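*Asks:* The structure is given below, and queries will be raised subsequently.
The values are calculated or read from the model by the stated rules, or taken from the named source; none is laboratory data. Small disclaimer: the values here were computed from a predicted structure and weren't measured. Neighbour counts are summed over all protein chains in view; Cβ atoms, including those assigned to glycine, are modelled from backbone coordinates with ideal geometry.
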Amino acid sequence: MKQKLQDKLFTAFPKLFAQKDLDKKQTCMCWGIETPDEWYDVIYNACELIQGMIDSNQHLSDKYPQIEFTQVKEKWGALCMYYYPNTDYVNGVIAMADYMVQHLDKKNKNNRIGIRNY
């Protein structure tokens, strides 16, 4: 992903991307977000859902702890978002985001997400 788009994500979600400035011995986030630029909106929306749930449930910090991404990349055409600590809610959001990038309609002239007809 282009640095400009990464910086927008890092600025909008500093808690999620807190590891971006750590050494490569500590995290893979030091390599940045390794995905196609076309996935930006899906990743942004996933981050918005994740951080929104955490922020609105601070009183339930044991159930919705602040998570940090350790790596965000494309692997064999799939969106891989690795993070810590593990929660079911975040697993679900990431699974949905991966589903959406798998089905981006590249023919849509407006660059909106569409589902292919099978």
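*Asks:* Taking the stated definitions as given, is Tyr40 touching a Leu at 6+ places or on another chain (Cβ under 7 Å) and either touching a residue at least 40 places away in the same chain (Cβ under 8 Å) or among the aromatic types (Phe, Trp, Tyr) (or both)? Before the answer, list the steps.
*Replies:* Working: touching a Leu at 6+ places or on another chain (Cβ under 7 Å): yes; either touching a residue at least 40 places away in the same chain (Cβ under 8 Å) or among the aromatic types (Phe, Trp, Tyr) (or both): yes.
So Tyr40 passes the test.
*Asks:* Same structure, new question: Please enumerate the residues belonging to the range 17-32 that are surrounded by 14 or more Cβ atoms within 10 Å (Cβ to Cβ), modelled with pLDDT under 90 and not small (Gly, Ala, Ser). Don't jump to the end; show me each part of the working.
*Replies:* Going residue by residue through the range 17-32, those that are surrounded by 14 or more Cβ atoms within 10 Å (Cβ to Cβ) are 17-20, 22, 27-30, 32.
Next, from what is left, pick out any that are modelled with pLDDT under 90: 18-20, 22, 27-30, 32.
Residues satisfying the conditions are Gln19, Lys20, Leu22, Thr27, Cys28, Met29, Cys30.
*Asks:* Let me ask something additional. Here are the criteria: (1) surrounded by fewer than 18 Cβ atoms within 10 Å (Cβ to Cβ); (2) part of a loop (DSSP other than H, G, I, E, B); (3) in contact (Cβ under 8 Å) with a residue 24 or more places away in the chain. Tell me which single one Pro14 does not satisfy.
*Replies:* (3)
*Asks:* Output the number of the condition that Thr70 fails; it satisfies all remaining conditions of (1) in contact (Cβ under 8 Å) with a residue 12 or more places away in the chain; (2) buried (at least 18 other Cβ atoms within 10 Å of the Cβ).
*Replies:* (2)
*Asks:* Quick one: count up the residues across the range 28-64 that are of a type outside the set (Val, Ile, Thr), under 17 Å from Glu74 (Cβ atoms) and not in a helix (DSSP H, G or I).
*Replies:* The number of residues fulfilling the criteria is 4.
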